[in-house]
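To start, the structure itself, in structure tokens.
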Amino acid sequence: MKTLLVYCGSNPGTNPIYKVTAEALGMAIVAREMGLIYGGGSLGLMGTIADTVMKNGGKVIGIIPSFLDKLEVGHPNLTEIHVVSSMHERKTKMEEMCDAIITLPGGYGRMDELFEILSWSQLGLHKKPLGLLSVNGFYEPLIAQLDLMVEEGFLKQANRKILQMSDSIDALFQLMQEFKPQDTHKWLERDKL
């Protein structure tokens, strides 16, 4: 893994642990000599992780749609910035440029990015490791929902395993390093034919 895409909030959250974790992940990226790819903003966890990587000599590539450049206050000091025309173009370019993806806590935008990239993986459009960094138990309810999707017959267990989760940065990197993509389709009914 040479480049890591991090989906993270453009807000900092109310608990200081989110910022502390974004800084720690930034340091881990630099220590592993990886480049950071992210949404290009300077506020919230986005700004924290980008600033941490840059201050410690790492490479940071931001990708931001032009209409969000002003709203999210596009980061002025990145190694590279790509201003694109749409959210879809942003997500596509981020996926094309990365080797792996970690999602930190965030709001609707992070859920949108996470579930789209999971869908792409399930459909075989990429085979990259995907991880959730469950800071302060943030993603435990989401994991319970994914497990319910399996239990209720809406998600294959093999596709549920696409997403790795840990509350530890090192453990999450290890899980993602060990990830082996499986060739499986998403349709449960096809298994019965």
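Listed here are the residues, each with its yes/no results for (1) surrounded by 14 or more Cβ atoms within 10 Å (Cβ to Cβ); (2) at pLDDT below 95; (3) under 23 Å from LYS91 (Cα atoms).
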residue	(1), (2), (3)
LYS128	yes, no, yes
GLY131	yes, no, yes
PRO141	no, no, no
ASN159	yes, yes, yes
ASP170	no, no, no
PRO181	no, yes, yes
Elements of type helices (runs of 4 or more DSSP H) in region 82-193, at least 1 residues being under 29 Å from ALA31 (Cα atoms): 87-97, 108-122, 140-151, 169-178
Output for region 23-58, where each listed residue is outside any loop (DSSP other than H, G, I, E, B), out of contact with any strand residue (DSSP E or B) (no Cβ under 7 Å at 6 or more places or on another chain) and more than 17 Å from VAL135 (Cβ to Cβ): VAL30, ALA31, ASP51, LYS55
For region 81-101, enumerate the residues that are aliphatic (A, V, I, L, M) and either modelled with pLDDT under 95 or more than 16 Å from the chain's Cα centre (by Cα) (or both). ILE81, VAL83, VAL84, MET87
Among the residues of region 1-49, which ones are over 12 Å from PRO105 (Cα atoms) and of a type in the set (Phe, Trp, Tyr)? TYR38
Scan region 31-47 and tell me whether some residue there is surrounded by fewer than 18 Cβ atoms within 10 Å (Cβ to Cβ), among the aliphatic types (A, V, I, L, M), within 22 Å of GLY137 (Cα to Cα) and out of contact with any helix residue (DSSP H, G or I) (no Cβ under 7 Å at 6 or more places or on another chain). no
For region 53-66, state whether one or more residues are modelled with pLDDT of 95 or more, crowded, with 23+ Cβ neighbours inside 10 Å and small (Gly, Ala, Ser). yes
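The values are calculated or read from the model by the stated rules, or taken from the named source; none is laboratory data. Note that the structure is predicted; figures quoted are calculated from it, not measured. Note: ideal-geometry Cβ built from the backbone for every residue, glycine included; neighbour counts use all protein chains shown.
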